[in-house]
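Data block below; observations after.
The values are calculated or read from the model by the stated rules, or taken from the named source; none is laboratory data. Computed from a predicted model, the values in this text were never measured in an experiment. For neighbour counting, all protein chains shown are included, and Cβ atoms are generated from backbone atoms with ideal geometry for every residue, glycine included. For accessibility, only protein heavy atoms count, side chains too; no ligands or nucleic acids. Shrake-Rupley method; radii C 1.70, N 1.55, O 1.52, S 1.80 Å.
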Amino acid sequence: MTAALRILMSTWGWRSHFYGLVPLGWALQAAGHEVRVASHPALVPAITAAGLAAVPLGADLDFAEAFAGRIGAVGALDGATRAAEPVDAVEPAITADGGVVRFADALLDDLVAFGRAWQPDLMVWEPFNLAAAVAAAALDVPGVQHLWGPDSSVTLRLDPEEVLGPLAGRFGLAATDVDLTGVLTLDPVPPPMQVPATRPGQPIRYVPYNGPAVLPSWLHRPPQRPRVCVTAGTMMAGAGLSDRLDLPRVIRAVAGLDVEVVVLVERAQQAGWGGLPGNVRLVDGPLALRLVLPTCAALVQQGGAGTTMTALGLGVPQLILPQVSDQHFNGERLALTGAGTWLPTARADDDTLRELVGQLVGDGPWRGSAALMRDRVRAMPTPAEVVPALMALAARPRS
């Protein structure tokens with residue numbers, strides 16, 4: 001019988017950052033291991049709602065304030081597009097005074113202190129979680145990075161000495177002692193959507209988790225006509241960014257087709273919308289995307305990693321209307337698969353939206369490519385099947 005190990009997961013900033021870790025947390029618990037999820041106090045409700053044990057540490061920060069002026073269209077993913085950059089383009093970089101470092105700074109000391117007291121055998125974190133990577137080095141614990149989607153870190157500038165040096169120095173470490181990606185990367189993204197790997201990786205199936213959910217009666221039966229889901233994810237409204245995407249206009253444009261439109265939004269996004277067409281169903285309850293999409297012929301969304309990967313894993317063709325940060329990157333990677341496409345805001349007029357969504361709803365190449373990508377996701381090892389590899393890492397002698 002294998003002894004139970006202690007696994008310390010760490011998440012930061014926003015609940016969608018945590019959601020990608022949940023299925024692995026379930027798998028580890030089901031295998032008999034102890035799992036703790038350390039994060040800022042504000043994320044405790046999301047962690048406990050998922051059935052995992054939360055460890056509130058450090059101080060809370062306001063996400064919108066911490067990233068003020070630093071969330072926008074990603075600048076110059078490649079040199080060929082520089083001339084066409086939007087005027088609000090933000091350089092893709094992690095800097096010493098940026099929000100990523102501020103969140104790490106607010107968590108790091110308590111995270112290391114808890115680790116010293118609890119003595120985990122393994123740490124798991126998601127992208128851009130600087131505090132967890134530094135803590136793993138300080139505790140001399142093997143670390144694993146769990147990607148939440150296409151690896152957008154390849155687009156970022158990061159000076160280790162400037163960014164990691166001060167954090168690592170608190171514990172007598174140099175920046176070079178910290179490995180942001182850990183000794184292993186768990187990768188839920190199949191090719192060609194994922195960028196080529198440059199470090200050891202372990203495929204892991206993307207199992208959608210979008211928070212608590214209640215199945216409403218209207219989902220008990222198949223739709224009478226093609227259903228299109230429209231959503232702006234969880235980040236935009238919560239971070240005060242919902243005005244970047246004119247969602248009511250998008251909804252009305254899509255509703256011009258002979259379809260049923262289901263709109264999943266945060267309640268805060270609905271203010272001032274006015275009336276919507278009769279073929280629009282507005283949902284603001286605890287309805288998870290993973291329950292709606294299996295009934296849908298297409299998805300129109302903002303391009304968040306969790307939303308994009310949920311649709312990819314369920315074989316639903318999608319249109320991304322990116323507004324900020326890695327949404328542009330996710331849209332470009334999705335387009336490579338043929339399972340969907342993306343539109344910059346300047347090109348997303350009503351006629352173009354209707355034409356593209358009409359194509360996605362049909363039985364053309366979009367649907368075939370979406371089914372192929374779904375099958376590639378399903379062919380990857382489940383979180384439960386990955387647990388033994390993680391246990392082997394935890395059992396390796398430490399430095």
Out of segment 363-399, which residues are assigned to a helix (DSSP H, G or I), open to solvent by 20 Å² or more (accessible area, probe 1.4 Å) and more than 14 Å from GLN202 (Cβ to Cβ)?
-> PRO365, TRP366, ARG367, GLY368, SER369, ALA371, LEU372, ARG374, ASP375, ARG376, ARG378, ALA395
Within segment 294-334, work out how many residues are open to solvent by less than 10 Å² (accessible area, probe 1.4 Å), aliphatic (A, V, I, L, M) and in a helix (DSSP H, G or I).
-> 4
In segment 252-285, anything within 26 Å of the chain's Cα centre (by Cα) and either part of a strand (DSSP E or B) or among the aromatic types (Phe, Trp, Tyr) (or both) is listed as VAL261, VAL262, VAL263, LEU264, ARG281, LEU282, VAL283
Enumeration of residues in segment 343-363 that are of a type in the set (Lys, Arg) and either in contact with a helix residue (DSSP H, G or I) (Cβ under 7 Å, 6 or more places away or on another chain) or in contact (Cβ under 8 Å) with a residue 12 or more places away in the chain (or both) = ARG354
Checked pairs for segment 26-50, first over 23 Å from PRO388 (Cβ atoms), second modelled with pLDDT under 95 and not in a loop (DSSP other than H, G, I, E, B), C-beta under 7 Å and 6 or more apart or across chains, list as LEU43/ARG15; ALA46/ARG15
Going through segment 342-355 one residue at a time, which ones are among the aliphatic types (A, V, I, L, M), within 13 Å of LEU319 (Cβ to Cβ) and either open to solvent by 30 Å² or more (accessible area, probe 1.4 Å) or not in a helix (DSSP H, G or I) (or both)?
-> LEU343, ALA348
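For (1) open to solvent by less than 30 Å² (accessible area, probe 1.4 Å); (2) free of Cβ contacts under 8 Å to residues at least 40 places away in the same chain; (3) touching a Ser or Thr at 6+ places or on another chain (Cβ under 8 Å), each residue gets a yes or a no:
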residue	(1), (2), (3)
GLU162	no, no, yes
GLY169	no, yes, no
VAL178	yes, no, no
THR185	yes, no, no
GLY201	no, yes, yes
SER217	no, yes, no
Answer residue from segment 117-131, given it is out of contact with any Leu (no Cβ under 7 Å at 6 or more places or on another chain) and closer than 29 Å to ASP159 by Cβ and is modelled with the lowest pLDDT among those | PHE128
What pairs can you find where one residue is in segment 322-342 and more than 22 Å from GLU91 (Cα to Cα) and in contact (Cβ under 8 Å) with a residue 60 or more places away in the chain, the other is open to solvent by 40 Å² or more (accessible area, probe 1.4 Å) and part of a loop (DSSP other than H, G, I, E, B), and their Cβ atoms are less than 8 Å apart, with a gap of 6+ or different chains?
-> LEU336/PRO192; THR337/PRO192
Candidates PRO86, PRO41 - the one that is at pLDDT 95 or above, open to solvent by 20 Å² or more (accessible area, probe 1.4 Å) and not polar (S, T, N, Q) = PRO41
Exactly one of (1) touching a Gly at 6+ places or on another chain (Cβ under 8 Å); (2) under 25 Å from TRP342 (Cβ atoms) is unmet by ALA197. Its number?
-> (1)
Every residue from segment 21-38 that is closer than 24 Å to ASP62 by Cα and open to solvent by 10 Å² or more (accessible area, probe 1.4 Å) = ARG36
